[in-house]
Each structure stands twice: as structure tokens, then as C-alpha cells.
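What follows draws every value from the coordinates through simple rules; no lab data is involved. Quick caveat: nothing in here was measured; it's all calculated off a predicted structure. All Cβ positions, even for glycine, are placed from backbone atoms using ideal geometry, and neighbour counts span all protein chains on display.
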Amino acid sequence: MRSGAKVGIVGGVFVVVASGVAYGGYNLWNGITGGSQDVGTRSAPKTGPVTAEEVTATAGDFLAAWAAGEAERAGGLTNDPVTAAPAIAAYREGAGVSETTITAGTPTGAVVPFTVKATVTYDGVSKPWTYESKLSVVRGESTGRPLVKWTPTVLHPKLAAGATLRTGTAKTPPVKAVDHKGVALPPEKYPSLVPALDALRQRYGGKAGGEAGVETWIESANGTPSSTLLVLSAGKPGELRTTIDAGVQAAAEKAVKEFPNAAVAAVEPSSGAIRAVANNPASGFNTAFQGKQAPGSTMKIVTAAMMMRYGVAGPDSRVECPPTVTWDGYPFHNLKDFSTEGDLTNAFAMSCNTAFIKAINPLKDKGVHNTALGDTARKWFGIGEVWSVGVQTEDGNVPESSGTETAASYIGQGAITMNALNMASISATVKDGGFRQPYLVAEDGEDGQKFATAERLPGEVARGLRKMMNAAATAPEGTAREAMRGVSSPKGAKTGSAEVGTQSTSNSWFTGYSGDLAAAAVVEAGGHGGDAAGPVVAAVLKAG
């Protein structure tokens, strides 16, 4: 059999079609290898990468056993049969799967994609269910046998460790989500909202006045439903009003699709209301809310606030911006080793790393250089507080640092982690003059929801930050100028690029505001902030 053979399973019977000849296979692997050998003549375990024939045959045997409902046999074809066999059995029993047809696609190396077509039945109601997944074939460490690498995502791409599939009467009624003006937010039109709306349904569905239907869902290890996969009989949805703006959301969905991996969030500065959240890919992990990534030079907004707070420099203070600066024996560089002269506003607009790292010395004299950035982030921007957005979020982290990590943190590297929502909130705080915790559903206090708070920015600090962000967005030397061209005033922005491990190209970051809307975006491996993330943010701001 050669690579590229067509593989299919119909009614639990595995079929391989190669060169126009069909081969049935109950134990195709043994058919290819000549079966098992006697113990006395067994050769040493095979080593090296799995072959194309091994991949096709092993995947076929596994999928055939799974489709036939033979959990023990399917589990035995994986590298973790103790975990796999019960999970495969629970797939059929817990989800109410009565029939299964699996069709494998063309392997790519050791990875085999496949399509599952199943029938789900519950209380006399049946409905077809189709989805795609994939598996990988590896060589057993002790036996040398080709085996399916077990992971719950083999059964379904959204299935996590410890989670199970369930079919029955839903634990909460469905909801019809609407934006802050009452415009409907159907998931097929706004796919990036699906993870957030699923979470909002679990939290607020019981209060929205609907009636539960029969569904298939993923249930986490603690018994909490997380994703509806199939609706067998629709319930009566209750209406859930969110802070989303349908027009801004549509612009965000369109903007992130320009890049393979991108996330954006938009917040109303005057209220904290979240107007948009979008990710590409749209399904799965909500990077915009739950990402934990170094934000690069967008963090200089907070660093500049710290410098003003401790009297190191203000927007009109003359600062040094040499090509490089060394801290704790490690050299830090500006982009292409540029240098400039002028005030802090100029250094901010041009995103001069060295000018901000030089703030360490005067802060060291005050004994706060390792803690001042995190203290400022918490005090004025709410970063480090626990946010109650309405769905799960990562709330930003600016930990105490030391050595070279302190210098790195001043330019948004080191141990600092942020996401698009955090950085959109930072721009919103500058625009409004004070932190207002972002939220998707209005605070009601009924389930312990309580918004995080922070002190308002001192007036001179707020004005200084707005001056610097406006220069970055409008001055001839401003790194955000090109991206913000055409965005309405008053406006401000900050670019960033963050180095990530061995990734050859930096992540692109951008945050800014226009009128009463602030937004931030991150594009994985997008390079300079103004080149990739900048246009995403600009598109969202223009829609506001």
C-alpha cells in the first residue's frame, strides 16, 4: 500500500482503496506485516519514524474499532489504553451515539484527518451529527509498534482531559444574545462570540426566562457544561442583553480574518462596556480574553505613567535615547539601533527602548525599581486586580522583577503577560482618565459579581499620557501614524512588537483609542505593531 491511499470506514468496516483495488481490513496491520511472531522468534522492537503504511494501517484499525463500538480494541491500538478505552466507551454511552461512520482523509506525515458522521438518539429523538477531527500515529516506546497517540481531541476537537460528552435535557435554557441596542447576535454571523456566549449562557441562562431543550454538550470534569455541540430539540431561548455592539463586532470579525492567528478586543472608555471581541481562528481558545503574552512596547504606556508618578520624567522632559543601553550586564537595543534626541513624548512616539530602560537608575535610588511598574499597573490601571467580566479572563500580570528582567519589563518583555482585553482597557483608562473594569453583562451582584476598581489617574498624568499617545498616532515620527491614518480624532495609540521564545518573527501588538472607543490587537508572528495589529485596531476604531 502506498501513501495517499483513500481510506474509509462504512458501518464499522474499514476499507482501503489503492490503485483501484479494494481491501477489507478487520486487522489490516497484521495483514500488512504478516501477523504477530512467536515469542521465541520475535525480533527487537522496531525503531525510527513510523512509515506511511504503518500510519494508514494503524489509523484504519483504530477508526474501524471505534466506529464498531469496540472500545477495548480501539483503546488497545493507542499508546494509552487505560485512558483511551473508557473514554471511547463513554463517547457512545454518554453522548447517546447509536450509529457511527468514519471517513479518513489523506495522511500528512503521521497525522490522519477524518470525518465522523454519527446518529445521536435520546428519549426517542434522533439527529445526525457530523464533525471533523484528526489523530497522530507514533511508535510505542517499549514495543516499537505503531500506535495512535491518545488525546481526548481524537474523539472530538473540543474535548479536553477529564471532560466527557453528554446528551440529555440541557442544564440551562438557551439564550438569544443581543447587543446593547437590542440587535441580535447570531453565532453564525459572529463566530468569535461563541465561546463567550456559551459561558454567559451557563451563568445567566437560568435567569433569562427560557426553557431547556435536548442537546449534546461537553461536560467538564467538575460537571459544568461548556460547549453545545448538537441540538436535538430546541428549547425556548431567553433574551440576554450584552454590551457588544453589532457593528463594531462585525468589523472586528472581518479584521482578524486577515491573519492566521489574531485577536482583538474593544472597550468603551466612559463605561468599561466591551463592544467587541474577535479571534482568528474563531472557534476554540479565546485569545483576546484569555491570552497570556508579553505585550511588547504597548506596555510603555504604563512605564510612562510610572515615570511620571515617581518624578523621573514627564512628557516634556528631555531624555536620552542612545542606540543601546546595558543593564545588569545585558545590552538592550532600539529597533535597528536608532537613536534620537528630544523629550519623553518624542521617545514614546518613536518607541525608544533605551529611554524607558534608563528610568531604572533613578528608581533604583528610590528603592522601587523592581516593584514600581507592577504597583503602578495595579494602582491606576487595575492590572493585577481580579476582573469580573462575566466570562473567564486572564487579568494581566506585572510581577515583581529583578536583574535583566526588570529592564525587559519596562519595555513589555520579561515575565509580563497581557491580552488584547487588558491592553484595550489600558488605552481606555488613558482616554477616560480612570480605570473602569471591562464587562460583558451589567453588574448585578446576585451571583457575587463585583467589579474591580482602581484609583483615577492624576490629571497631569492622564493629560501627559494622552499627549504621548496622540504623538505616536499623529506625529511624523510616530510609529502608529500610518495605521491610525483616517481614524477620527481625538485619538492616540501605541505600537509594540514582542519577542517570543524561538519564534523568528515577533508578535505584533497595537492599542489605541478614538472618541469613546478603545481597542487592542495582537497578531502572532505579525512583526512590527503598526504593520499587522495596527490595521486591525484601526478597522475596529473606524467602525465605532
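If you take the charge dipole of region 248-543 about its Cα centre, with +1 on Lys and Arg Cβ and -1 on Asp and Glu Cβ, which of GLY396, ASN346, ASN280 is farthest toward its positive end? With unit charges placed on the Cβ atoms, the residue in question is ASN346.
Compactness check for region 41-92: Cα Rg over 2.2 N^0.38 Å is 1.29. Each of the peptides 270-283, 422-435, 290-303, 449-462 was scored by the mean count of other Cβ atoms within 10 Å over its residues; in descending order, highest first, they stand as 422-435, 290-303, 270-283, 449-462. In terms of its alpha-carbon gyration tensor, region 346-386 comes out oblate; a/c meets the 1.5 threshold, while b/c is at least as large as a/b.
Taking the number of Cβ atoms within 10 Å of each Cβ as an exposure proxy, the fewest-first ranking of THR417, THR108 is THR108, THR417. Compute log10 of I(q)/I(0) for region 248-543 with the Debye formula, placing one identical point scatterer on every Cα and leaving out solvent, at q = 0.09, 0.16 Å⁻¹, to two decimals. Computed log10 I(q)/I(0) values: -0.36, -1.24. Counting only DSSP H runs of at least 4 residues, each contributing -39500 (n - 2.57), and dividing by the residue count of the chain, the helix-based mean residue ellipticity at 222 nm comes to -8000 deg cm²/dmol. Here the relative contact order of region 248-543, from alpha carbon pairs under 8 Å that lie six or more residues apart, stands at 24 percent. PRO362 sits among other residues whose Cβ lies under 13 Å from its own Cβ, and their net charge, with Lys and Arg +1 and Asp and Glu -1, is +2. In order along region 216-221, phi translates into HN-Hα couplings of 10, 9, 8, 10, 5, 4 Hz, rounded to whole numbers, per the Karplus curve 6.51 cos²θ - 1.76 cosθ + 1.60 with θ = phi - 60° and x for Gly and Pro.
Here the label points at GLU477 and LYS336, each 7 Å from Cα along the C-beta direction, are separated by 1.4 nm in the simple model. The alpha-carbon positions of region 101-251 define a convex hull whose volume is 153 Å³ per residue. Each Cα pair under 8 Å and six or more residues apart adds its separation to the average, and for the chain the resulting relative contact order is 11 percent. For region 133-145, 3J(HN,Hα) computed residue by residue from phi via the Karplus equation (6.51, -1.76, 1.60; θ = phi - 60°) reads 8, 7, 9, 10, 10, 10, 8, x, 5, 9, 8, x, 6 Hz, glycine and proline entered as x. Here's how it looks for ASN261: its modeled amide H is under 5 Å from those of GLU524, which are all 5 or more places away or on a different chain.
Here's the list of lysines a cross-link from LYS491 could span, going by alpha-carbon distance under 18 Å and ignoring same-chain residues fewer than 8 apart: LYS300, LYS431, LYS467, LYS542. Along each principal axis, taking the top coordinate minus the bottom one, the Cα set of region 169-242 gives 35, 24, 21 Å in descending order. Kirkwood analysis of region 282-416, using all unique Cα-Cα pairs, places the hydrodynamic radius at 15.5 Å.
Amide hydrogen proximity for LEU232: with H placed 1.01 Å from N in the peptide plane, the residues at 5 or more positions away or on another chain lying under 5 Å are VAL214, GLU215, THR216. Computed over region 372-466, the alpha-carbon pair-distance distribution with 10 angstrom bins reads 16, 45, 31, 7, 1, each value a whole percent. Counting neighbouring Cβ atoms within 10 Å and putting the fewest first, the residues ASP395, ASP531, ASP328 line up as ASP328, ASP531, ASP395. A P(r) calculated from all alpha carbon pairs of the chain, with 20 Å bins opening at zero, reads 21, 41, 30, 8, 0 percent.
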